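Report on the following structure.
The values are calculated or read from the model by the stated rules, or taken from the named source; none is laboratory data. Keep in mind that what you see is a predicted model, and the values were worked out from it rather than measured. Quick reminder, even Gly has a Cβ in these numbers, built from the backbone with ideal geometry, and neighbours come from all protein chains shown. These accessible areas exclude ligands, DNA and RNA; they are computed on the full protein's heavy atoms, side chains included. Shrake-Rupley method; radii C 1.70, N 1.55, O 1.52, S 1.80 Å.
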Amino acid sequence: MRRAVGLATLLIAVATAAMAAAQPPVGIVRPRDERGLAPVELGRQLFAGNCSSCHGSLAQGISSAPPDRGVGDVTGLGPSLRGVGAQALDFYLRTGRMPLRDPHEQPERQRPELSGKEIDGIIAYVTSLGPAGPPVPDPHPESGAINEGLKLFTEHCAGCHQIVAQGGVVTGARVPGLQAASAPEIAEAVRIGPYLMPRFSPKQINEHQLDSIVRYVLSTRDPPDRGGWGIGNIGPIPEGMVTWLLAVVVLIAVCVLLGKRVRS
Amino acid sequence: MKRWIYAGLAMVAGRRQVARSWRESGERIVPEGQPSPGAELAVMALLVCSAICAAGFVVVYAVVPLDVMTQWLGLALGGCLAFGSAAAIVFSKTLVVDEDAEEDYPEPSAEDVDEVRRIVRESGSRITRKRLLLGTTGLAGSALGAALITPAVSLGPVFDTESLYTSAWKRGKRLVDEHEVPYKAADIETGTFYTAYPEHEGTDRIDAPIVVVRLDPAELKLPPERADWAPQGILAYSKICTHAGCAIALYRKPLFAPVEPRPALVCPCHYSTFDPATAGSVIFGPAGRPLPQLPLMIDAATGELKAGGVFSGPVGPGWSGVRDGKVRFEPSGPKGVE
């Protein structure tokens with residue numbers, strides 16, 4: 001009996017170790033010493049270690065799956081970064097959406113694993129490769145009008161992001177809530193159109209309108225819940241559900257308590 | 001005024017006397033209960049609390065600043081009603097004498113049944129033309145039923161549906177935005193979508209708005225007869241979803257096509273999803289038929305976008321029978337495309 005238990009323990013330990021070995025490597029590949037490196041050189045090394053397996057060795061992109069799988073059994077696939085500019089690089093790196101573990105995943109906001117200095121280095125390196133592209137936008141939400149922002153957000157954004165920017169789903173993707181997004185990130189996303197989102201050119205949404213949208217989105221971080229409880233701020237349906245499910249249950253409970261059953 | 005007060009006092013005194021006399025006469029109907037001064041006190045306290053809350057409502061309305069007033073008003077009114085209900089509950093539970101009484105239903109006797117029959121029969125003694133009355137009643141009922149059913153005929157191919165195929169668009173109409181500014185082919189970029197209207201037709205007709213997108217011409221898989229409907233890869237579809245008639249307000253656009261879903265026009269109401277590359281075919285959701293496509297052409301002189309013909313099908317929501325293919329939507333003859 002004791003031998004059987006020992007054997008089982010050993011088998012489990014070996015299986016766990018094998019599973020751990022099969023996991024793709026996680027974390028950031030860094031140069032041994034970052035301090036002496038110029039920003040472009042730091043960016044070049046970080047790009048080679050963390051980005052090039054999908055975006056190509058010179059950021060030219062990999063658009064068809066190569067026959068051989070790379071590190072961690074991952075097939076490298078990614079768009080060209082030539083000319084995307086600091087705008088897109090800043091957005092994807094600063095929000096932790098990149099580096100992506102698996103190119104078939106949807107990039108989502110998380111705590112960035114690269115430091116600010118490392119992100120600046122990658123931006124400097126990639127923009128040095130080709131056309132410089134659009135810079136990081138500089139929105140001025142304080143000069144926008146919040147009511148115009150609400151109107152524009154309703155028209156262009158609320159279909160997917162919901163009216164208080166809580167996010168949701170569309171066919172084929174999850175839509176992020178926007179409470180964590182900073183003003184430049186909101187402006188970047190509007191101009192880039194990350195993942196399945198359409199992009200909006202200055203002809204469709206001009207800079208002043210963008211300021212208003214940014215101001216409105218920033219205001220959704222702390223929405224005025226005049227009723228006391230926002231219920232997720234996702235609109236009238238959960239409000240009605242709460243009314244019916246809570247109030248009706250309380251009413252029925254009171255009726256049951258008050259009533260008396262005649263026993264025959 | 002004085003006389004009114006005397007009258008009121010006299011009425012109260014008189015009622016007291018009546019009550020006393022009623023109390024003394026004969027045996028009781030309801031068994032006598034024990035008085036409960038404590039419960040009376042509790043009821044009165046609850047009623048006073050209710051009154052305080054109601055007064056609080058007035059105070060809140062007069063004093064509290066507007067931006068936080070709503071909650072306090074709700075609290076005051078809610079408290080007033082809650083204390084009032086609690087008082088009523090305590091009152092009925094402790095101060096009202098009650099008893100449980102049961103009574104069986106009487107057995108129906110043959111005489112009772114016969115009596116009801118006679119009542120019904122004799123109530124009709126004034127009627128002299130019974131059949132005619134019944135006939136006209138039936139006539140009214142069936143006419144109403146027929147009237148209610150008639151709209152269902154529109155569901156089927158019984159009536160002429162030709163008007164569904166006419167729209168505000170015809171060959172040569174320029175595409176304009178909501179300010180009547182014409183769209184040029186060069187204005188239409190990839191990765192985003194535009195809403196256009198026929199010039200001089202206004203924006204409020206259901207058959208007017210179209211959604212315009214630009215795709216890589218190599219990606220298009222249009223049927224052969226629509227080969228020239230999308231110059232430079234610019235496509236136009238009706239903006240009205242063929243499911244329930246909402247506006248196609250979402251454009252799903254992959255940033256990097258190899259790993260992301262295909263471009264699609266999506267209706268936010270029920271997520272009907274249409275593929276612009278394959279002539280607006282339904283790839284997800286409850287819509288029963290493709291989005292009607294509008295052929296486009298580019299004015300050689302000005303570069304402006306113009307309609308190259310009429311819609312490929314009727315604009316607007318679907319109806320019963322669309323999904324199972326019982327209703328056919330091919331435009332009759334060469335009328336569909338100029």
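Compared with its chain on its own, region B:236-278 contains the following residues whose accessible area drops by 30 Å² or more in the full protein assembly (probe 1.4 Å; ligands, DNA and RNA excluded): B:Leu250, B:Arg252, B:Lys253, B:Leu255, B:Phe256, B:Pro258, B:Val259, B:Glu260, B:Pro261, B:Tyr271. Dividing the mean sequence gap of close Cα pairs (under 8 Å, 6+ apart) by how many residues region A:126-230 holds gives a relative contact order of 38 percent. Isolated cysteines of the protein assembly as shown, defined as having no other cysteine beta carbon under 4.7 Å away, are A:Cys51, A:Cys54, A:Cys157, A:Cys160, A:Cys255, B:Cys49. Can you bin the protein assembly as shown into rounded, prolate or oblate? Criterion: square roots of the alpha carbon gyration tensor eigenvalues sorted a ≥ b ≥ c, rounded for a/c under 1.5, prolate for a/b above b/c, oblate for the rest. Because a/c hits 1.5 or more and a/b exceeds b/c, the protein assembly as shown counts as prolate.
What does the helix-only formula give at 222 nm for the protein assembly as shown: each DSSP H stretch with n ≥ 4 adding -39500 (n - 2.57), the total divided by the residues, and the result rounded to the nearest 500 deg cm²/dmol?
Numbers: 16 runs with 223 residues, N = 602.
About -12000 deg cm²/dmol.
Among B:Thr278, B:Thr273, the order of accessible area from largest down is B:Thr278, B:Thr273, computed with a 1.4 Å probe on protein heavy atoms. The phi-based Karplus calculation (6.51 cos²θ - 1.76 cosθ + 1.60; θ = phi - 60°) puts the 3J(HN,Hα) values of region A:35-49 at 5, x, 8, 5, x, 5, 5, 4, x, 4, 5, 5, 4, 4, x Hz, whole numbers, x for Gly and Pro. For region A:130-135, backbone phi angles converted through the Karplus equation (6.51, -1.76, 1.60; θ = phi - 60°) give residue-by-residue couplings of x, x, 5, x, x, x Hz, Gly and Pro being listed as x.
Taking the accessible area of the protein assembly as shown, probe 1.4 Å, and keeping the other protein chains in place, the carbon and sulfur fraction comes to 62%. B:Ile206 contributes about 90 Å² of solvent-accessible surface, heavy atoms of the protein only, 1.4 Å probe.
What total accessible area, in Å², is buried where chains B and A meet, using a 1.4 Å probe and rounding to the nearest 100? Don't skip to the end; give the middle numbers.
Details: alone 23230 and 16830 Å², together 37460 Å².
Approximately 2600 Å², summed over both chains.
Span-like helix criteria (full DSSP H runs; alpha carbon extent of at least 24 Å along the helix axis; mean Kyte-Doolittle hydropathy of at least -1.0) are satisfied in chain B by B:2-24, B:37-63, B:69-90, B:130-149.
Is the C-alpha gyration tensor of region B:163-307 telling us rounded, prolate or oblate? Criteria: a/c under 1.5 is rounded; beyond that, a/b larger than b/c is prolate, otherwise oblate. It would help to have the intermediate numbers written out before the result.
Details: a/c = 1.58, a/b = 1.17, b/c = 1.34.
Note, shape of region B:163-307 comes out oblate.
Highest mean packing first, where packing is the average number of other Cβ atoms within 10 Å per residue, the peptides B:208-215, B:302-309 line up as B:208-215, B:302-309. Counting only protein heavy atoms and using a 1.4 Å probe, the accessible area of B:Met44 comes to about 110 Å².
The accessible area of B:Ser281, taken with all protein chains in place and a 1.4 Å probe, comes to roughly 40 Å². A crude spin-label estimate for the pair B:Arg118 and A:Trp244, with each label 7 Å from Cα along the Cβ direction, gives 5.3 nm.
For B:Tyr165, A:Tyr216, the ranking by accessible surface with the largest value first comes to B:Tyr165, A:Tyr216, using a 1.4 Å probe.
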